[in-house]
1. Kindly list the number of the only condition in (1) at pLDDT 95 or above; (2) in contact with a Cys (Cβ under 7 Å, 6 or more places away or on another chain) that fails for A259.
2. In the stretch 265-312, which residue that is more than 26 Å from the chain's Cα centre (by Cα) and among the aliphatic types (A, V, I, L, M) is surrounded by the fewest Cβ atoms within 10 Å (Cβ to Cβ)?
3. What are the pairs, 6+ residues apart or on separate chains, where a residue within the stretch 267-290 that is over 16 Å from Y246 (Cβ atoms) has its Cβ under 6 Å from a residue that is acidic (D, E)?
4. Quick one: would you say L216 is in contact with an Asp or Glu (Cβ under 8 Å, 6 or more places away or on another chain), part of a helix (DSSP H, G or I) and either within 20 Å of L178 (Cβ to Cβ) or open to solvent by 70 Å² or more (accessible area, probe 1.4 Å) (or both)?
5. Is at least one residue of the stretch 51-58 under 40 Å from the mean Cα position of the chain (by Cα) and either exposed (fewer than 10 other Cβ atoms within 10 Å of the Cβ) or at pLDDT below 50 (or both)?
6. Just the residues that are under 19 Å from P135 (Cβ atoms), of a type in the set (D, E, K, R), in a helix (DSSP H, G or I) and in contact (Cβ under 8 Å) with a residue 12 or more places away in the chain, please, taken from the stretch 161-177.
Amino acid sequence: MNFSPRAPSAPVKILSLFLLAILAISGPSCFRDPPAVRYTRLGDGLRSEGKAEEAKEYYRQAVRADPRYIPARRGLAQVLQSQGYVSEAVKELEEAIRIDPKDSEAHRLLGDIYLEKRQMDEAIEKYKLAIEFDPQSAIARERMAAALHEMGQMDAAEEVYKESLDADSDYAPSRLGLGNVHADRGEIEKAAEDFEKAVKLDPQNADAHNNLANALLELKKPEEARPHYEKAVGLAPEDPAIRYNYGQFLLSQSLFPEALQEFDRAVSIDSKFAAALWGKGRVHEMQGNPEEALRWYSKACGQGLKAGCEGMAQIEAAMRAPAKP
């Protein structure tokens, strides 16, 4: 048998030449992705760069090009949520779910919105659906565990965090969340182990460094804690809570000028951060400046701080009392 190719007939050859001519004129555009896909990809890139307004326009163009293209609606919803247009974000995700009721990510993103709004039951229900439609989703389990943790259901949260790690052992947020559960239970050594693993999985995670530092400080290991506080501050310099925690560490080491500097920075980021205002007062008290300390304590109490403020009258009386000979 002869399997050598036979020469094409004249009509076939002419047709082939015609197609080549079309490709030569039109270029590679014949093989491009559909417009909705291209616009969504552009939106994703801009959103990752923090250019929300530009990303939003590309996502809208994608939706106009193909109203049933779900990734465009999900991306648009995330931008809208980040800009505070929560009701519009919900509408986009609900439309995505109407188009495909089994879209796991749309359910998960809607759960995130409910979690942010403190609608915990609704959030849990959405996370359950996200897991049902994507049983291997580590992120959906992690978000559900975070919601359970917020609700005080520690055992359930721990179980779901572990399920998330079973799905993806390298998913740092689940390891960090599991550490938070241990920390809230007072299991500081276990918490430190989880935070250390989270840092190894994601060295650029400021929360992981911050929480590991807090755990190490509680374990009386200040020398090991300090580099992680410094790393956390370097990674998230505009996070007032991380600044405050570093200030508390410095205060515990009697490094008063440095502690005051961190509390000042926290307050400059969030002028109503009551705990940082109280921290400023504590530094002045320990430096022997009672009047200045009381001024900052009063400001902290004025921002609704409860811890310490109930006994302000006694604190003020004690600080103003003359020293005993």
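The values are calculated or read from the model by the stated rules, or taken from the named source; none is laboratory data. As the structure is a prediction and not an experimental result, all values here were calculated from the model. Backbone-built Cβ (ideal geometry, glycine too); neighbour counts: all protein chains shown. When the accessible area is computed, the model is the full protein with side chains, heavy atoms only, and any ligands, DNA or RNA have been set aside. Shrake-Rupley method; radii C 1.70, N 1.55, O 1.52, S 1.80 Å.
1. (2) is the only condition that A259 fails.
2. Checking each candidate, the answer is A307.
3. H284/E292
4. Values: in contact with an Asp or Glu (Cβ under 8 Å, 6 or more places away or on another chain): yes; part of a helix (DSSP H, G or I): yes; either within 20 Å of L178 (Cβ to Cβ) or open to solvent by 70 Å² or more (accessible area, probe 1.4 Å) (or both): yes.
Taking the combined requirement at face value, the residue satisfies it.
5. So in the stretch 51-58, the residues under 40 Å from the mean Cα position of the chain (by Cα) come out as 51-58.
With the extra rule that they be either exposed (fewer than 10 other Cβ atoms within 10 Å of the Cβ) or at pLDDT below 50 (or both), the set shrinks to 53.
Yes, because at least one residue in the stretch 51-58 is under 40 Å from the mean Cα position of the chain (by Cα) and either exposed (fewer than 10 other Cβ atoms within 10 Å of the Cβ) or at pLDDT below 50 (or both).
6. K162, E163
Results for (1) hydrophobic (A, V, I, L, M, F, W, C); (2) closer than 19 Å to L165 by Cβ; (3) surrounded by 18 or more Cβ atoms within 10 Å (Cβ to Cβ); (4) out of contact with any strand residue (DSSP E or B) (no Cβ under 8 Å at 6 or more places or on another chain), shown as yes or no for each residue.
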{"position": "V79", "(1), (2), (3), (4)": "yes, no, yes, yes"}
{"position": "E94", "(1), (2), (3), (4)": "no, no, no, yes"}
{"position": "P101", "(1), (2), (3), (4)": "no, no, no, yes"}
{"position": "H107", "(1), (2), (3), (4)": "no, no, yes, yes"}
{"position": "Q119", "(1), (2), (3), (4)": "no, no, no, yes"}
{"position": "E122", "(1), (2), (3), (4)": "no, no, no, yes"}
{"position": "S137", "(1), (2), (3), (4)": "no, yes, yes, yes"}
{"position": "A145", "(1), (2), (3), (4)": "yes, yes, yes, yes"}
{"position": "L148", "(1), (2), (3), (4)": "yes, yes, yes, yes"}
